[in-house]
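The values are calculated or read from the model by the stated rules, or taken from the named source; none is laboratory data. Owing to the predicted nature of the structure, the values given are computational and were not obtained by experimental measurement. Don't worry about glycine lacking a Cβ; one is built from the backbone with ideal geometry, like all the others, and counts go over all protein chains shown.
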């Protein structure tokens, strides 16, 4: 790495790192690794002491204090809010007398959004800096004497780099919609098999018949009353799904202040009263779906707000894709196709590492077969498809 000497430094609050320095490493494409988003989690108290997510971010800096690389790192006291499930690993390790928690986690808390995790300022020496960052991560894990280090929802090239440094590779899947240069939603529907096209039109028509006013709100269009309503939706959904929602009301208020122009909040109104909403964040070329909630059960409203309105928005704003998040094979029939996701794992105990490696090798084969099978469920017309 030429004559540049970099030193790793751990910071327990991201606000200790200048926002422009962090974002020079993170880039501008993915809002979830931005200084603003990660700081919003911290200042709202959604992560920090008492949450099981303790920030211990690493930065690499030169002798003058200039930051060249960074990584969002947390000490975890549990496996909640990660969406890459390792509860089985924890139970197995503890059954043989090991202590799985606390562990180290490189991630964006509560956000199963794939993106960069090894944040390196663009330059000719970026590969060497990424390697130095991995070595700093591994060194931190070794010194911590904790059970493991997990880098979740990283990019494929990062996962392969981590494998070169002795990490284990895990494969997952999500569902993303790809914009093929569509001029309109009907243009998109035109590429689907007739039966799938009719089903989507029927779903959208049923929602339209309710007379609900559905709008995508961003920037100055958003008010505290919108966030009050959405937080009610979020709490209702969270309490039904996993018992204790991760984000607090202060998070959404802070999000409005820090990332207002990245927010796309799709809300459904009945007579001016919000009854449902879907929160998205916008990147440079993608719309990322995050949270959904409603106080009325209306058939197909979830599909309309979360999937179809997101497609409408992506087409109108010429975004390359919509990432609809984890789980849900029902997304396939609505044009969201399976894609690979990647994570990498460092295990301290050699015996436990071998057991996890064996499990991941078998899981990877199953996952590849599953993704191939899911691809056959695509609603798009095939070359020789008689159903037009």
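Couple of notes before you dig in:
- Breaking point among (1) in a helix (DSSP H, G or I); (2) out of contact with any helix residue (DSSP H, G or I) (no Cβ under 6 Å at 6 or more places or on another chain); (3) within 26 Å of residue 26 (Cβ to Cβ), for residue 279: (1)
- Qualifying residues in the stretch 309-336 (those that are at pLDDT 95 or above and part of a strand (DSSP E or B)) - the one farthest from the chain's Cα centre (by Cα): 321
- Residue that is in a helix (DSSP H, G or I), surrounded by 18 or more Cβ atoms within 10 Å (Cβ to Cβ), in contact (Cβ under 8 Å) with a residue 12 or more places away in the chain and not assigned by TED's automatic domain parsing to the domain that holds residue 264, where the choices are 60, 41: 41
- Scanning the stretch 64-100 for residues that are under 24 Å from residue 25 (Cβ atoms) and either free of Cβ contacts under 8 Å to residues at least 24 places away in the same chain or not in a loop (DSSP other than H, G, I, E, B) (or both) turns up 64, 65, 67, 68, 69, 70, 71, 73, 74, 75, 76.
- Of the residues in the stretch 292-306, at least one is at pLDDT below 95 and closer than 24 Å to residue 108 by Cβ.
- From the options 229, 216, residue that is surrounded by 15 or more Cβ atoms within 10 Å (Cβ to Cβ) and over 21 Å from the mean Cα position of the chain (by Cα): 229
- Test: residue in the stretch 366-386 that is modelled with pLDDT of 95 or more, surrounded by 16 or more Cβ atoms within 10 Å (Cβ to Cβ), touching a strand residue (DSSP E or B) at 6+ places or on another chain (Cβ under 8 Å) and farther than 17 Å from residue 178 by Cα: yes
- Subset of the stretch 11-30 (residues that are assigned to a loop (DSSP other than H, G, I, E, B) and crowded, with 17+ Cβ neighbours inside 10 Å): 17, 27, 30
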